[in-house]
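*Asks:* First the structure, which I've put down as structure tokens, then a few questions once you've had a look.
The values are calculated or read from the model by the stated rules, or taken from the named source; none is laboratory data. Given the structure is predicted, the values throughout are model-derived calculations rather than measurements. Here the Cβ positions follow ideal geometry from the backbone for every residue, glycine too, while neighbour counts run over all protein chains shown.
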Amino acid sequence: MTDTIILAVETSCDETAVAVVKNGTEVLAEVVASQISTHQKFGGVVPEVASRKHLELINISIEEALEQANLTFSEITHFAVTYGPGLVGALLVGVATAKAMAFAAQKPLIGVHHIEGHVYANFLTHNDIEFPVVCLIVSGGHTTLVEITDYGKYQFLGQTRDDAAGEAFDKVARALGLGYPGGPKIEECAREGSNTAIKLPRSWLEDGSYDFSFSGLKSAVLNYLNKQEMKKEAININDVAASFQEAVIEVLSEKTLRAAKEAQVKTILLAGGVAANKALREDLSDRCSKLGIRLVYPPIKYCTDNAAMIGCAAHYKALRGEFAELNLNAVPNLKFGVS
């Protein structure tokens, strides 16, 4: 197959992202227009506001990406877009734009699952990953454990039954008055606190289960805060953050390592927004080194939402001939494993 030069668009939540990726690994251009400052005053993402911002930024971002890549529109070989899951209005902006570009250029369109994009952030920056691998995908909306046997071939081992890890981080951060986004703020406070100061539960679920549940942990933190306030006793925010973070990380690491040992894989991949958490990286790294397992994770800029990871995933879909029709639609509740 000749070179793929993919213009990828990612608008699933509050980042307007466009990238140009050559052959799955060479990022010729990347633009990420963040809306964090817009949504901070609301304490979280407001879907309607996010959609309108995407409309304002998408064309400017595409022009900037083409300029960065020093390419013309006609030199793009494929157009890729996140079509789910995510906020439906936000997704529609990206999907409609990518469809219009593919139609105008008469070039193939590739629809990419947002979570699959996070997985491929690892392949974007590591070209020596050997299958099979176990991948922990942990983000604001998803906590999933999957064995990958080849490009695009997944065996799903476990997923969250309620709150995803990143969602729990955001909710606890809000309860502590730390604001949005919660993950980085919890991590920052945790560095100054004791992770054994407050006894919090770990939800292991049934014996052998690889599913996750963080709703009980979140409730335990809220109950602790309420009790302290009722007793008019001081709350050490740093200790709460550290103890909460430790409880999340212990469950994530334990289940991931157990899955890797059972599957007899030599490599673990870490993906998703929470993969940027330094404490999680360090804990998994220490555990992996003791077992002789390789841990791979993307640079922090590719852990959060970006279009380069979408372009990488699209490259491998192009190699398999998996193209979308021009009636591609946004699927806000798209399940991972569904093309």
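*Asks:* Across segment 274-283, what is the number of residues that are over 18 Å from residue 126 (Cα atoms) and part of a helix (DSSP H, G or I)?
*Replies:* Of the residues in segment 274-283, 6 are over 18 Å from residue 126 (Cα atoms) and part of a helix (DSSP H, G or I).
*Asks:* Touching a helix residue (DSSP H, G or I) at 6+ places or on another chain (Cβ under 7 Å) and of a type in the set (Ser, Thr, Tyr), is that true of residue 304?
*Replies:* Against the criterion (touching a helix residue (DSSP H, G or I) at 6+ places or on another chain (Cβ under 7 Å) and of a type in the set (Ser, Thr, Tyr)), residue 304 qualifies.
*Asks:* Based on this model, can you work out whether residue 48 counts as at pLDDT below 95, surrounded by fewer than 16 Cβ atoms within 10 Å (Cβ to Cβ), acidic (Asp, Glu) and part of a helix (DSSP H, G or I)?
*Replies:* yes
*Asks:* Do any residues in segment 149-178 that are without any contact (Cβ under 8 Å) to a residue 12 or more places away in the chain have Cβ atoms under 7 Å from those of residues that are surrounded by fewer than 23 Cβ atoms within 10 Å (Cβ to Cβ), where the two are at least six apart or on different chains, and which pairs are they?
*Replies:* 155/147; 155/149
*Asks:* Follow-up question, since we're still on this one. Among 232, 261, which is on the phi > 0 side of the Ramachandran plot, in the same structural domain as residue 159 (by TED's automatic domain parsing) and not in a strand (DSSP E or B)?
*Replies:* None of the other options fit; the residue is 232.
*Asks:* I would also like to ask the following. Taking the condition of a type in the set (S, T, N, Q), buried (at least 21 other Cβ atoms within 10 Å of the Cβ), within 28 Å of residue 81 (Cβ to Cβ) and touching a Phe, Trp or Tyr at 6+ places or on another chain (Cβ under 8 Å), does residue 144 pass?
*Replies:* Criteria met by residue 144.
*Asks:* All but one of (1) under 18 Å from residue 146 (Cα atoms); (2) in contact with a Lys or Arg (Cβ under 7 Å, 6 or more places away or on another chain); (3) among the small types (Gly, Ala, Ser) hold for residue 208; state the number of the condition that does not hold.
*Replies:* Result: residue 208 passes all but (2).
*Asks:* If you don't mind, another one. Residue check: is residue 171 over 23 Å from residue 302 (Cβ atoms) and assigned by TED's automatic domain parsing to the domain that holds residue 73?
*Replies:* Considered against the rule, which asks whether it is over 23 Å from residue 302 (Cβ atoms) and assigned by TED's automatic domain parsing to the domain that holds residue 73, residue 171 comes out as no.
*Asks:* Would you point out the residue of segment 130-181, among those that are assigned to a loop (DSSP other than H, G, I, E, B) and charged (D, E, K, R), that is modelled with the lowest pLDDT?
*Replies:* Per the stated criteria, the residue is 163.
*Asks:* Can you tell me which of (1) surrounded by fewer than 24 Cβ atoms within 10 Å (Cβ to Cβ); (2) out of contact with any Cys (no Cβ under 9 Å at 6 or more places or on another chain); (3) modelled with pLDDT of 95 or more is the one residue 127 doesn't meet?
*Replies:* Only one criterion in (1) surrounded by fewer than 24 Cβ atoms within 10 Å (Cβ to Cβ); (2) out of contact with any Cys (no Cβ under 9 Å at 6 or more places or on another chain); (3) modelled with pLDDT of 95 or more is unmet by residue 127, namely (3).
*Asks:* What are the residues in segment 198-215 that are modelled with pLDDT of 95 or more, more than 22 Å from residue 281 (Cα to Cα) and not polar (S, T, N, Q), if any?
*Replies:* Of everything in segment 198-215, those that are modelled with pLDDT of 95 or more, more than 22 Å from residue 281 (Cα to Cα) and not polar (S, T, N, Q) turn out to be 198, 199.
*Asks:* What's the total number of residues in segment 281-320 that are assigned by TED's automatic domain parsing to the domain that holds residue 24 and on the phi > 0 side of the Ramachandran plot?
*Replies:* Residues meeting the conditions: 0.
*Asks:* Can you give me the number of residues within segment 98-112 that are surrounded by fewer than 24 Cβ atoms within 10 Å (Cβ to Cβ) and under 22 Å from the mean Cα position of the chain (by Cα)?
*Replies:* Within segment 98-112, residues that are surrounded by fewer than 24 Cβ atoms within 10 Å (Cβ to Cβ) and under 22 Å from the mean Cα position of the chain (by Cα) number 0.
*Asks:* Hey, does segment 312-334 have a residue that's farther than 16 Å from residue 143 by Cβ, touching a helix residue (DSSP H, G or I) at 6+ places or on another chain (Cβ under 8 Å) and among the polar types (S, T, N, Q)?
*Replies:* Checked against the condition, which is being farther than 16 Å from residue 143 by Cβ, touching a helix residue (DSSP H, G or I) at 6+ places or on another chain (Cβ under 8 Å) and among the polar types (S, T, N, Q), segment 312-334 yields at least one hit.
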